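All of the numbers you see were taken from the coordinates with simple rules; none came from a lab. The model shown is predicted, which means the values in this text are computed figures rather than measured ones. Glycine gets a Cβ as well: all are built from the backbone with ideal geometry, and neighbour counts include every protein chain shown.
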Amino acid sequence: MTHILNGKALAARIQKKIQTRVESLPSKPGLAILLVGEDPASHTYVQLKRKACEEVGIHFELFLYPSTQPEQTLIDKIQELNARSDIHGILVQLPLPSQNADRVIFAIDPLKDVDGFHPFNLEKLRAHQPSLVSAVALGVVRLIRESVGTDRLPPHAVIVSSPLFAQPLEILLKESGVQTVITQAEDKHLSEKTKQADLLIVAEGIPGLITKEFVKPGAILIDVGTTRTSEGLVGDVDFESVKNVASAITPVPGGVGPMTVAMLLVNILKAYEFQKKYL
Ligand code: GUN
């Protein structure tokens with residue numbers, strides 16, 4: 001039997017705690033999101049982030065742009081938001097259709113980088129200094145810890161993803177004693193690597209990429225990929241194919257997605273507290 005890892009229920013519990021904390025603050029924390037282009041999964045994701053912010057009492061602003069928007073105008077908007085004292089978190093929804101994500105993310109004030117993707121925050125995480133840590137990575141690790149128990153993390157993890165998502169996760173897993181390898185969908189030896197994984201984390205946005213031929217029996221599968229198809233939101237893992245091979249799997253939707261949103265709220269609160277203290 002494959003155990004389903006219910007991110008939605010855990011995220012709802014975290015969100016309740018955040019709501020209580022926000023209610024006790026002297027002013028509202030604020031989040032601004034830049035959303036570029038028409039990717040349906042990105043639009044769905046941003047709506048979920050808006051709903052979560054509104055439910056816990058975080059001020060929310062959305063800036064929408066066409067897919068051809070020049071990169072510099074995104075950077076200009078970020079600089080304007082960096083200077084605003086009522087905005088504590090800034091997030092650029094990914095993927096960007098044509099603009100360079102590294103350059104755009106670099107423009108965010110690291111103290112407002114609630115996605116934890118800024119290279120300064122990654123360096124701080126590597127150096128074990130206080131920082132804003134990737135919300136996706138925090139969500140994944142929290143879900144695994146709550147599901148298998150903190151002292152029973154699997155020994156060997158493989159992450160199939162771009163470095164932006166994979167690196168913070170690799171650092172957190174290694175800190176917890178999990179030997180971790182990063183690879184990508186194009187790797188010619190992908191299945192040889194994934195079949196070694198006791199913990200397989202996939203974030204490529206390629207529906208059905210992972211079938212049972214890629215999975216070690218008894219592995220825990222974490223599906224971060226989210227694509228909107230005519231059948232609704234689907235992950236990178238072919239659920240039907242792996243369901244009797246894996247010991248546990250996150251559903252899409254209802255697995256990592258809600259956890260990322262919950263950890264984003266945690267990061268907004270942390271950014272608010274940092275900024276009240278140091279700015
Ligand atoms: N696209 C898919 N997941 C994420 C995320 O966690 N943050 C951002 N900015 N974009 C995403």
Q | Long pairs among K17/K112; K8/K28; K174/K212, criterion Cα-Cα beyond 28 Å | A | none
Q | Local electrostatic count, S191, Cβ distance below 12 Å [Lys/Arg +1, Asp/Glu -1] | A | +2
Q) What ranking of H156, H88, H189, H3 emerges when the number of other C-beta atoms within 10 Å of each C-beta is taken as an exposure proxy, fewest first? A) H189, H3, H156, H88
Q.
As a test of the formula, what do you get for the chain when each DSSP H run with n ≥ 4 contributes -39,500 (n - 2.57) and the sum is divided by the residue count, at 222 nm and rounded to the nearest 500 deg cm²/dmol?
A. -13000 deg cm²/dmol
Q: Specify whether the C-alpha gyration tensor of segment 1-97 places it in the rounded, prolate or oblate class, a ≥ b ≥ c being the square roots of the eigenvalues: rounded for a/c under 1.5, otherwise prolate if a/b is larger than b/c and oblate if not.
A: oblate
Q. Tell me, M1, M263 in order of fewest to most beta-carbon neighbours within 10 Å?
A. M1, M263
Q.
So if I take the centroid of the Cα atoms in segment 153-203 and the same for segment 3-21, what is the distance between those two points in Å?
A. 25
(Q) With an 8 Å Cα cut-off and a minimum separation of 6 or more residues, compute the relative contact order for the chain in percent. (A) 23
